[in-house]
Amino acid sequence: MYKQIHELLFPNEPFFGGPMMGLLGAHRYLPMTATVHYLAKDRDDGMRFLEVGSWLGSSALVWAEALEMFASGPKSLLCVDPWEVYFSDKEVADGEIYRNFNSLLETGLAYDLFRHNIGFAPASVEIDHIRGGFARASAFLRPGFFDLIYLDGNHHYESTRQDIEIAKKLVSEGGVICGDDLELLMGEVDIEHMKASGDVDLAWDPKTGRQYHPGVTRAVGEAFPSVSMHYGFWLVQKKGDVFVPVSLKDCASFVPSHVPHDIKVQINRLVGVSEEAPV
Ligand SMILES: C[S@@+](CC[C@H](N)C(=O)[O-])C[C@H]1O[C@@H](n2cnc3c(N)ncnc32)[C@H](O)[C@@H]1O
């Protein structure tokens, strides 16, 4: 059996294509791991997680390591991603990062690296993946089955709105729906500008002067009256017919082991702890 090139180049470690491409927003790993601790307090018979948008597998490793650290019983993570080009020509023209994203997807390297990288997840966590868009894949998933659903796929408004709708059906009672890239709440931004920017990934809000993901701000704002938000990571918990914010106060968190030392130091500095201290 021949080995793929990345298996030869990085036989003993995951690879994320440099500090930016695969480890976007790594400071959010703290509230992500804290969320697993929060859920684990009430569950001793295992947990099932679903991730929408896995890219090179970094966030999947975060969930897997946090499950191993905090959860008891059987633990599983299902990753759903088409690993196909999805940024528009306009977005590609606007930024190099989108060009890089699309070319990693187009060449198939993103998918190969995802499979390589999740090979470094703790063995106690069963990881599966579906290669396809969430809307189509969800037809095969059981309603009320998942204790945590993480939404980090296409951030355009219509996609995010649809992902949230589907997630509401798939999450268990007491389970959490969460996601990435909520920098500004709907009450904070210029509403007209936000509505006109639903088909772009990132935009500058004229009211605050800050860069944000308008599709995420709008879809989350319309779906939930109130959400918890930590460094752009957002979450709500299902309580009967409603979804409520979650306090992560007193929950343990940590920077997962696949994060390189220099980024780990930056994250710890951001939250004001010394270099190696757990947070
Ligand atoms: C920002 S990346 C995810 C980053 C990843 N969660 C992490 O933190 O390591 C967005 C991913 O969403 C995927 N995606 C785009 N449309 C999708 C869809 N309809 N369903 C699921 N995933 C989608 C893309 O292929 C891409 O890999």
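The values are calculated or read from the model by the stated rules, or taken from the named source; none is laboratory data. Note that the coordinates shown come from a computational prediction; the quantities given were computed from them, not determined experimentally. Every residue, glycine as well, gets a Cβ built from its backbone with ideal geometry; the counts of neighbours run over all protein chains shown.
Conditions first: (1) surrounded by 14 or more Cβ atoms within 10 Å (Cβ to Cβ); (2) modelled with pLDDT of 95 or more; (3) hydroxyl-bearing (Ser, Thr, Tyr). TYR231 passes all but one, so which condition is the exception?
Going through the list (1) surrounded by 14 or more Cβ atoms within 10 Å (Cβ to Cβ); (2) modelled with pLDDT of 95 or more; (3) hydroxyl-bearing (Ser, Thr, Tyr), TYR231 breaks only (2).
Report, by residue number, each residue of the range 207-231 that is free of Cβ contacts under 8 Å to residues at least 24 places away in the same chain and among the hydroxyl-bearing types (Ser, Thr, Tyr).
Hits for the range 207-231 are SER226, SER228.
In this structure, does GLU126 turn out to be closer than 30 Å to PHE145 by Cβ, in a helix (DSSP H, G or I) and more than 13 Å from the ligand (Cβ to nearest atom)?
No; evaluated as a whole, the condition is false for this residue.
Which one is surrounded by the fewest Cβ atoms within 10 Å (Cβ to Cβ) among residues in the range 62-91 that are within 13 Å of the ligand (Cβ to nearest atom) and part of a strand (DSSP E or B)?
Filtering the range 62-91 for residues that are within 13 Å of the ligand (Cβ to nearest atom) and part of a strand (DSSP E or B), the one surrounded by the fewest Cβ atoms within 10 Å (Cβ to Cβ) comes out as LEU78.
Can you say whether ASP199 is among the charged types (D, E, K, R), part of a loop (DSSP other than H, G, I, E, B) and either surrounded by fewer than 19 Cβ atoms within 10 Å (Cβ to Cβ) or touching a residue at least 24 places away in the same chain (Cβ under 8 Å) (or both), as far as the supplied structure shows?
So ASP199 passes the test.
Condition check ((1) buried (at least 20 other Cβ atoms within 10 Å of the Cβ); (2) among the polar types (S, T, N, Q)) across all residues:
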{"position": "PHE120", "(1), (2)": "no, no"}
{"position": "VAL125", "(1), (2)": "yes, no"}
{"position": "ASP128", "(1), (2)": "no, no"}
{"position": "PHE134", "(1), (2)": "yes, no"}
{"position": "SER138", "(1), (2)": "yes, yes"}
{"position": "ARG142", "(1), (2)": "no, no"}
{"position": "GLY153", "(1), (2)": "yes, no"}
{"position": "SER159", "(1), (2)": "yes, yes"}
{"position": "GLU165", "(1), (2)": "no, no"}
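Yes/no per residue for (1) among the small types (Gly, Ala, Ser); (2) part of a helix (DSSP H, G or I); (3) touching an Asp or Glu at 6+ places or on another chain (Cβ under 6 Å):
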| residue | (1), (2), (3) |
| --- | --- |
| ASP147 | no, no, no |
| ALA167 | yes, yes, no |
| SER172 | yes, no, yes |
| ASP181 | no, no, no |
| GLY209 | yes, no, no |
| ALA219 | yes, yes, no |
| PRO225 | no, no, no |
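Among residues belonging to the range 16-40 that are at pLDDT 70 or above and surrounded by fewer than 17 Cβ atoms within 10 Å (Cβ to Cβ), point out the one that is farthest from the ligand (Cβ to nearest atom).
Among those residues, the one meeting the criterion is GLY17.
Residues to consider are SER138, SER103, SER59; find the one that is modelled with pLDDT under 95 and either part of a helix (DSSP H, G or I) or more than 27 Å from GLU7 (Cβ to Cβ) (or both).
Values: SER138 fails: modelled with pLDDT under 95; SER59 fails: modelled with pLDDT under 95.
Only one candidate qualifies: SER103.
So that you can scan it fast, the table gives a plain yes or no per residue for (1) crowded, with 18+ Cβ neighbours inside 10 Å; (2) modelled with pLDDT of 80 or more; (3) aromatic (Phe, Trp, Tyr):
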{"position": "VAL244", "(1), (2), (3)": "no, yes, no"}
{"position": "LYS249", "(1), (2), (3)": "no, yes, no"}
{"position": "SER253", "(1), (2), (3)": "yes, yes, no"}
{"position": "ASP262", "(1), (2), (3)": "no, yes, no"}
{"position": "VAL265", "(1), (2), (3)": "no, yes, no"}
{"position": "PRO278", "(1), (2), (3)": "no, no, no"}
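Here is a check on your reading of the model: is ASP94 within 15 Å of the ligand (Cβ to nearest atom) and among the acidic types (Asp, Glu)?
No, not satisfied.
Identify, by number, the condition in (1) more than 18 Å from LEU202 (Cα to Cα); (2) more than 10 Å from the ligand (Cβ to nearest atom); (3) surrounded by 16 or more Cβ atoms within 10 Å (Cβ to Cβ) that THR107 doesn't meet.
(3)
Among the residues of the range 202-221, which ones are surrounded by 13 or more Cβ atoms within 10 Å (Cβ to Cβ) and under 21 Å from the mean Cα position of the chain (by Cα)?
Passing the criteria: LEU202, ALA203, TYR212, HIS213, PRO214, GLY215, VAL216, THR217, ARG218, ALA219, VAL220, GLY221.
Here are the criteria: (1) touching a strand residue (DSSP E or B) at 6+ places or on another chain (Cβ under 9 Å); (2) touching a residue at least 12 places away in the same chain (Cβ under 8 Å); (3) of a type in the set (A, V, I, L, M, F, W, C). Tell me which single one TRP204 does not satisfy.
Here TRP204 clears every test but (2).
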